[in-house]
Every structure is written in structure tokens, then in C-alpha cells.
1. Residue by residue through segment 110-138, note down the ones that are among the charged types (D, E, K, R) and closer than 13 Å to Tyr269 by Cα.
2. Within segment 197-215, does at least one residue satisfy the condition of being on the phi > 0 side of the Ramachandran plot and over 60 Å from the mean Cα position of the chain (by Cα)?
3. Pick from Gln371, Gln375, Gln348: which is loosely packed, with under 14 Cβ neighbours inside 10 Å, out of contact with any strand residue (DSSP E or B) (no Cβ under 8 Å at 6 or more places or on another chain) and over 19 Å from Arg48 (Cβ atoms)?
4. Please go through (1) touching a helix residue (DSSP H, G or I) at 6+ places or on another chain (Cβ under 9 Å); (2) modelled with pLDDT under 85 for Arg296 and return the number of the only condition it doesn't satisfy.
5. Which one of Lys318, Lys252 is among the basic types (Lys, Arg) and in a helix (DSSP H, G or I)?
6. Only one residue in Leu169, Leu261, Leu194, Leu234 is hydrophobic (A, V, I, L, M, F, W, C), under 30 Å from Ile138 (Cβ atoms) and buried (at least 17 other Cβ atoms within 10 Å of the Cβ), so which one is that?
7. Could you please find all residues in segment 339-372 being closer than 13 Å to Glu67 by Cα and small (Gly, Ala, Ser)?
8. Kindly indicate which of Glu130, Glu142 is more than 16 Å from Lys252 (Cβ to Cβ), in a helix (DSSP H, G or I), out of contact with any His (no Cβ under 8 Å at 6 or more places or on another chain) and without any contact (Cβ under 8 Å) to a residue 60 or more places away in the chain.
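The values are calculated or read from the model by the stated rules, or taken from the named source; none is laboratory data. Quick caveat: nothing in here was measured; it's all calculated off a predicted structure. Here the Cβ is made from the backbone with ideal geometry for all residues, glycine too, and neighbour counts use every protein chain on show.
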Amino acid sequence: MNLFKKILGKFKRNEEELEYDEADWEVAEEEEEEVDFDNREVREAYVRNCLEKMADASKELENLTFEYDTVTSYLKDMEEIEALPEEEAEELRNCAKKVELLQDSRDDYIGRKRRMSDDRFQQIGRMLGEIEDGCTKIKEAEAYHELVKKDLSRLEGEKHAYLYRKNELIGTIADTKGMAVISVTALGLCMILLLILQFVLEMDTKAGYLITAGVAALAITLIYVKHTEAKRELKRVELTMNKIILLQNKVKIRYVNNKNLLDYLYLKYDVASGEELDKLWKLYFQEKEEREKYKRAELELDYNQQLLLRILRRYQIKDPAVWLHQTEAILDHKEMVEIRHGLIIRRQSLRRRMDYNKEVVAGGSQKEIKQLVQQYPKYAKEILQTVEKFEKNMYNGTGKSSLTTKKEVSHEKTGTAL
């Protein structure tokens with residue numbers, strides 16, 4: 001599916017603000033600065049920036065979709081169990097009841113102070129296959145979070161430094177204009193004074209004329225040079241600010257995606273940091289090692305668990321092993337509802353992140369490109385070439401989605417509705 005038809009939405013903008021904090025980054029609204037689209041370099045950078053954001057959003061969506069499908073499969077398993085006929089449901093509940101009683105007996109037999117609660121142990125057990133990967137993801141996300149925060153702070157500082165310099169240059173230009181007016185006025189007054197001395201008082205004013213002309217020429221030259229340099233530097237400062245803002249907007253998108261990822265991982269693993277998850281993971285293995293000492297007492301439990309697995313497989317449950325640790329949910333509808341609620345929250349979190357990347361990031365960027373084509377039709381062909389070149393690189397030269405994108409841009413160029 002074409003990358004740019006797959007993802008649509010709306011991209012927000014906000015005015016340039018002098019005050020900033022992390023909350024501004026989480027909103028991730030674009031900062032709009034006047035851009036010189038007649039400048040080829042600025043125009044191409046602007047289009048590539050939009051395309052890169054769309055590509056990043058597509059990559060993020062692939063990862064989110066996989067996780068979303070996994071959570072959905074768990075919810076479907078719950079629906080299968082709750083939809084069983086009464087006779088079959090009774091058989092399942094009886095088996096689950098035996099498993100639960102044996103588990104309780106085992107816990108009573110152990111009778112010791114545990115390193116972690118049973119709920120926590122079971123939670124880690126259910127996610128054991130992904131805990132190691134989760135620890136790595138959280139730690140990487142936390143490190144990247146700090147890195148992006150530093151980048152945003154640095155970019156914000158640079159932007160305000162250039163903004164301060166821009167205001168200085170604007171003041172310098174205004175000052176030089178005023179100095180030029182004053183110099184011309186002073187020159188006129190000096191000439192009038194010299195004429196009065198020459199013709200009224202009949203004094204020799206040749207030297208005065210020369211000195212006045214020299215001073216005036218020097219002053220005007222210095223003022224002109226300072227004015228010209230200030231205008232040249234102002235243009236350079238404005239161009240640099242545009243580049244910084246484009247980069248800052250892209251980094252803000254990454255900050256929001258990273259923040260959402262961290263929030264989801266913390267919610268998924270029920271921790272506040274990667275260090276806490278790593279500690280829980282190590283405690284889990286210590287706890288498991290001790291519980292292995294009582295393996296013989298669990299033979300009967302194992303038999304009934306295998307029986308429960310066979311029953312669940314009979315009903316096409318995708319991941320029956322999960323229910324070995326959730327027999328209470330089979331026996332208690334309230335517990336089933338609570339677990340479903342937790343999964344729904346996870347899925348909603350994933351959906352929000354998917355919608356954000358699909359509608360806000362990628363769709364907004366595509367809209368920016370279309371608006372640019374509409375406003376500057378004379379550059380439509382050049383913009384199309386940039387899009388095709390980017391897509392060609394994205395799809396390793398296959399040109400898999402270039403045709404569709406080309407049609408979209410061409411429609412924008414001719415004014416035809418998509």
C-alpha cells in the first residue's frame with residue numbers, strides 16, 4: 001500500500017513562543033515561520049522534512065500494528081471462553097477450579113515470605129517471553145528521551161539566540177537609516193552655514209567645504225557599509241532560523257512518539273522505570289528457582305494444568321498457556337472483566353498512538369506538500385521529482401508507490417479533486 005495514501009490527517013501549527021517547556025514538546029505542534037519557498041534549497045528541505053516525517057510515522061505504525069494485533073488476540077480468546085455452551089463451560093470451570101485449589105494448596109505448603117506477591121509473580125510470568133526485550137526497550141527509550149530533551153533544549157536555545165540576533169539586526173538597520181538622515185541633515189546645515197560665511201561675511205571657506213565634504217563622505221560610507229552588512233546578516237539569520245524550526249518540529253514529533261512509547265511500556269509492565277522492571281525480572285528468577293524445590297508437590301497440579309490446556313486448545317484458544325495463570329478469571333466474571341478492561345486500555349493506548357502517527361504526523365505532512373503545490377504550481381514538477389526520488393530510496397529502487405504519489409501531486413497541480 002502506498003505510504004502516502006495509507007496515512008491521512010491534519011497537522012497543527014502554533015505561533016512562535018519565547019517561553020518553552022516539556023509540555024510544549026508533548027503537544028508537538030508545528031511552529032510556523034515565514035519560509036522563502038522561492039529559495040530552491042529551502043523548498044527542497046521543507047518537502048524532504050515532510051517526507052521524512054511520513055516515513056517515520058509509517059515505520060512506527062508497523063510496530064504498533066503488531067502489538068495491537070497481539071492484544072486483540074487476547075481479547076478474542078476471552079470472547080471465545082465466555083461464548084462456550086453451559087455444559088462445556090462447566091467442564092472448563094471444574095478443571096480451572098481444580099487447578100486453582102492445587103495452586104492454593106501449594107502456596108500454603110510453601111508458607112514463607114516471598115520476594116514478590118503472587119499477582120506480581122504471575123504478571124511477570126505471563127510476560128516472561130518479552131520482559132528482557134521490554135527492559136531493553138524501556139532503557140533505550142529512557143536514554144533516547146533524555147537525548148531528545150537535550151536536543152530540544154539546545155535547538156530552543158539556538159532559536160532564541162538567533163531571534164535575539166534578528167531583533168538586534170532589525171534595530172541596527174533602523175538605526176543606520178536614522179543616522180543617514182541625521183548625516184544628510186547635518187551636511188545641509190553645514191553647507192548653509194558655509195554659504196553664509198562666504199557670501200555674507202566674505203570669509204574664505206574653501207577648507208570648510210573640503211572638511212565638510214570629507215566628513216560627510218566618510219560618515220555616509222560607514223553608515224552604508226554597516227547597513228548593508230546588517231541586511232546581509234539578517235537574511236542569513238532568518239534562513240538559519242527556518243532550518244532550526246524545521247529540525248525542531250521533526251525532533252518534537254520524535255519526542256512525542258518516544259514519550260508515548262514510554263508511557264505505554266510503563267503501563268504494560270506496570271512499572272515506573274526500566275530499573276524497576278530489571279529488578280523485578282531478577283527477583284522473578286530467584287523466586288522461580290526456590291519454587292522449583294517444591295516441584296514434586298506440584299505433579300498433580302501439572303497434570304490438571306495439562307488437562308486445562310487440552311480443553312482450551314479444543315476451543316481454538318490462541319494462547320491457552322496464559323490461562324494457566326488466570327484461572328480466577330475463568331471462575332469469576334468480575335475478574336475476567338477487569339483483565340479485559342486492562343487489555344482494552346492497552347489497545348486504546350495503541351490506537352491513540354496509531355491515529356496520531358496516521359492522521360497528525362503523516363497526514364499533516366502530506367497536506368503540507370499538497371498545499372505547497374497548490375500555492376506554488378510552478379514548482380509542482382520539481383516537488384514531484386523530490387517525492388519520487390525519496391520514495392525510490394524508501395523502496396530500494398522498486399518504485400512501488402511512486403505512481404500513486406505522482407498522481408496525487410499531479411491532481412494538486414491541475415486542481416483535480418483526489
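1. First, pick out the residues of segment 110-138 that are among the charged types (D, E, K, R): 112-115, 118-120, 126, 130, 132-133, 137.
Asp119, Arg120, Arg126, Glu130, Glu132, Asp133, Lys137, listed by residue number.
2. Going through segment 197-215, the residues on the phi > 0 side of the Ramachandran plot turn out to be 202.
This time we only want the ones that are over 60 Å from the mean Cα position of the chain (by Cα), so: 202.
Yes, segment 197-215 contains at least one residue that is on the phi > 0 side of the Ramachandran plot and over 60 Å from the mean Cα position of the chain (by Cα).
3. Working: Gln371 fails: over 19 Å from Arg48 (Cβ atoms); Gln375 fails: over 19 Å from Arg48 (Cβ atoms).
Matching residue, one of Gln371, Gln375, Gln348: Gln348.
4. Status for Arg296: all satisfied but (1).
5. Working: Lys318 fails: in a helix (DSSP H, G or I).
Among Lys318, Lys252, only Lys252 is among the basic types (Lys, Arg) and in a helix (DSSP H, G or I).
6. Working: Leu169 fails: under 30 Å from Ile138 (Cβ atoms); Leu194 fails: under 30 Å from Ile138 (Cβ atoms); Leu234 fails: under 30 Å from Ile138 (Cβ atoms).
Going through Leu169, Leu261, Leu194, Leu234 in turn, just one is hydrophobic (A, V, I, L, M, F, W, C), under 30 Å from Ile138 (Cβ atoms) and buried (at least 17 other Cβ atoms within 10 Å of the Cβ): Leu261.
7. Ser349
8. On the way: Glu142 fails: without any contact (Cβ under 8 Å) to a residue 60 or more places away in the chain.
None of the others qualify; the one that does is Glu130.
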